[in-house]
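Notes for the one structure printed next.
The values are calculated or read from the model by the stated rules, or taken from the named source; none is laboratory data. Keep in mind that what you see is a predicted model, and the values were worked out from it rather than measured. Neighbour counts run over all protein chains shown; Cβ positions are idealised from the backbone, glycine included.
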Amino acid sequence: MKPTLYVLAAGMGSRYGGLKQLDGLGPHGETIMDYSIYDAIQSGFGKIVFVIRKDFEQDFRDKILSKYEGHIPVEVVFQSVDKLPGGFKCPDDRTKPWGPAHAVLMAKGSINEPFAVINADDFYGRNSFEVIAQDLMRPRDRKGDYAMVGFRVGNTMTENGGVSRGVCENTDGLLTSVVERKSIAYDADHNIVFTDENGQEQTLDPMTPVSMNMWGFTPDYFDYAEREFIKFLKRDLTTPKAEQVIPDVADALIKSGEATIKVLDTDSKWFGVTYAEDRPGVVTKFAELHKSGLYPEKLF
């Protein structure tokens, strides 16, 4: 069974100031997301599902989905702050989305095969799609047999400032923890450093695996995730800016023993427009990737 790619795109309208401003970074105006879809098709994915907000559905279908017609089946599901499990009512003053873990839950009932989760605005690289597709297509004989792509932190940096990354620890290739570290940056000697919770500067080996929100799940994940989201709501329903991220769910399932998560190595180099200063370099990188033959002159 071919896996499905689930693209977290509900924040696109607000993040980019409107769909009309989706940034064309490739030689023919390709967006970062176009490269992800192309790489997914080349790596064996059989369907794309996007989670978006209902308020920009028509624009999204006209400007984004239409280009993929004839290349791969595409579906959409919707995230909204009031789409909650039974027994819960969204506070009247809540405007902030409930987070990526809630966004994944929106696909319950729509995805019935192994699936990968990615962000819409990150460039992950062909090899990362290949390794997670290969893992999702292997036989499984139990629930909770999941995976994530562990990018080497040295392949995820920008010269233009600090970045946030989920620093992973693993034992025998299985994830044991993901800790979000903010402002990971190069120091004067080009070492990769961050400041820990005790105010101490720590150095990261460039090969240290980090999460870039590229996860591999099977459909049993949805029931686990809904249970964990209910726990989150019982605790934080009235906290205006509280959100649940996917590592929160992953950590709970690892600790309960209900899931194991393989950390898949990739040599792919992440990039994105974290800072305005990143844009020229990203444009150059895409041009070079086309010239290398990895991508055709036009993707779609």
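What to note about this one:
- Subset of the stretch 186-206 that is among the hydrophobic types (A, V, I, L, M, F, W, C) and more than 24 Å from ILE246 (Cβ to Cβ) - its residue that is modelled with the lowest pLDDT: ALA188
- Inside the stretch 178-187, residues that are surrounded by 15 or more Cβ atoms within 10 Å (Cβ to Cβ) and in contact (Cβ under 8 Å) with a residue 40 or more places away in the chain make up a count of 1.
- Residue ID - nearest to the chain's Cα centre (by Cα), chosen from residues in the stretch 246-277 that are among the aliphatic types (A, V, I, L, M) and over 16 Å from ALA147 (Cα atoms): VAL273
- Of all the residues in the stretch 49-90, those that are of a type in the set (Lys, Arg), out of contact with any Gly (no Cβ under 8 Å at 6 or more places or on another chain) and closer than 22 Å to ALA116 by Cα number 2.
- Selection of helices (runs of 4 or more DSSP H) fully inside the stretch 32-119 by the criterion of at least 1 residues being among the aliphatic types (A, V, I, L, M), modelled with pLDDT of 95 or more and surrounded by 14 or more Cβ atoms within 10 Å (Cβ to Cβ) returns 32-42, 100-105.
- With respect to the stated conditions, LEU174 fails to be of a type in the set (A, V, I, L, M, F, W, C), under 20 Å from the mean Cα position of the chain (by Cα) and buried (at least 20 other Cβ atoms within 10 Å of the Cβ).
- Boolean, THR284 is within 24 Å of TYR35 (Cβ to Cβ), assigned to a loop (DSSP other than H, G, I, E, B) and among the β-branched types (Val, Ile, Thr): no
- Qualifying positions in the stretch 188-204 - free of Cβ contacts under 8 Å to residues at least 12 places away in the same chain and surrounded by 11 or more Cβ atoms within 10 Å (Cβ to Cβ): VAL193, GLN202
- Filtering LYS234, LYS285 for residues that are free of Cβ contacts under 8 Å to residues at least 12 places away in the same chain and either over 18 Å from the mean Cα position of the chain (by Cα) or on the phi < 0 side of the Ramachandran plot (or both) leaves a single hit, LYS234.
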